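Structure record follows, encoded as structure tokens.
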Amino acid sequence: MKEIRIHGRGGQGSVTAAELLAVAAFADNKFSQAFPAFGVERRGAPVQAFTRIGDVPIRLRSQVYEPDYVIVQDPTLLEVVEVANGLKDDGILIINSDFDPETFKIDTKARIMTVNATKIALDIIGRPIVNTVLLGAFAGATGEVKPESIMEAVKERFPGKVGERNAEAVMEAYKMMRDQK
Amino acid sequence: MKIVPGAVCEAGTSRANKTGGWRTFKPVYDYDKCIKCKLCELLCPDSAVKPREDGYFEFDYDFCKGCGICANECPKTAITMELEEK
């Protein structure tokens, strides 16, 4: 079983991203679940969402405390939240940022990868909404889900042109991360 | 901060919550084009446009959320929104 934690700000689509990831994994014939950590979150406050993906039914229902993968939607969160908390040593930390992974001083043995998801989102979708882009990056970096499954999940959730563009952005980020690996 | 039951906490605490980190675009101000009309100051929902002594304005990037209202309303397009590196 693989556990994923997504850090974002309220309104950035972290919860949606976690759900889409679970739907995509389900389409890959795996078992999956997704849920957010609800507190007093309002727009802009740091939020977390979780996804579990497994080959056998998942009975665990707790929050994710020792994730295999962490996705950070907004690099300014690094100053506010300990994003690498509990992250496994052989895990991967994916950050949406312009900068190289080496510039981040984060206390973790896990591999840090960055993707300029904001730029991809602005170029292809036209709005700085990065959740779907980061899912593509996740697929490219980890190989846990097929990018096609994410694209399908995205198109199903957002019918019409919005879904098409988001799916295109997913593929772009997937290719970028796959080449970085 | 100490809160006594039945009382309210002190005023102005939202100052401690710096919301500048939410920004994707940041406003950049062209002083040559500005006619000091004050629209940006009046319309800023976060009071992040501060008047200076010389009548021009400056942005408080600790609280500007990058909504772009100032740039949209500026009659002289003296304010442009630029993608922030982060």
Exercise. Express in % the proportion of alpha carbon pairs of chain A at distances exceeding 24 Å.
Key: 29
Quiz item: Add -39500 (n - 2.57) for each DSSP H run of 4 or more in chain A, then divide by its residues: what number comes out at 222 nm, to the nearest 500 deg cm²/dmol?
Solution: -10500 deg cm²/dmol
Quiz item: Roughly how many debye, to the nearest 20, is the charge dipole of chain B about its Cα centre, given +1 on each Lys and Arg Cβ, -1 on each Asp and Glu Cβ, and no other charges?
Solution: 220
Quiz prompt | Whole-Hz couplings from phi, Karplus 6.51/-1.76/1.60, listed for the stretch A:33-40; x for Gly and Pro | solution = 8, 8, 7, x, 9, 8, x, 9
Quiz item: Just for chain A, what percent of DSSP beta bridges are antiparallel, to the closest 5?
Solution: 55
Quiz item: Non-local amide H neighbours of B:K86 (under 5 Å, H modeled in plane, Pro and chain starts lacking H): which ones?
Solution: A:D98
Quiz prompt | Other-chain or far-sequence residues with amide H under 5 Å of A:I112's (modelled H) | solution = A:L93
Quiz item: If you bin every alpha carbon distance in chain B into 5 Å steps from zero, what whole percent lands in each bin?
Solution: 3, 14, 23, 20, 14, 10, 6, 5, 4, 2, 0
Practice problem: Could you tell me the convex hull volume per residue, in Å³, taken over the Cα atoms of the stretch A:30-134? | Solution: 118
Quiz prompt | In order through the stretch B:54-59: 3J(HN,Hα) via Karplus (6.51 cos²θ - 1.76 cosθ + 1.60), integer Hz, x for Gly, Pro | solution = 7, x, 7, 10, 9, 9
Self-check item: Rg over Rh [alpha-carbon atoms, Kirkwood Rh] for the stretch A:103-181
Solution: 1.01
Quiz prompt | Dipole in debye (nearest 20) - the protein assembly as shown, about Cα centre, beta carbon charges: Lys, Arg +1; Asp, Glu -1 | solution = 580
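With n ≥ 4 as the cut-off for DSSP H runs, can you work out [θ] at 222 nm for chain B, using -39500 (n - 2.57) per run divided by the number of residues, rounded to the nearest 500?
-2000 deg cm²/dmol
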Quiz prompt | the stretch A:1-64 - convex hull of the alpha-carbon atoms, volume per residue in Å³ | solution = 60
Exercise. Could you go through the stretch A:79-91 in sequence order and give the Karplus-derived ³J(HN,Hα) for each residue, using 6.51 cos²θ - 1.76 cosθ + 1.60 with θ = phi - 60°, rounded to whole Hz, and x for Gly and Pro?
Key: 7, 9, 10, 7, 5, 8, 3, x, 4, 5, 4, 9, x
Quiz item: How many Cβ atoms of partner chains, on average, are near each residue of B:14-23 if near means within 10 Å of its Cβ?
Solution: 3
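Rule-based calculations on the coordinates, nothing more; no lab input. Computed from a prediction, not measured in an experiment: that's the story for all the values here. Every residue, glycine among them, receives a Cβ derived from its backbone with ideal geometry; neighbour counts consider all protein chains shown.
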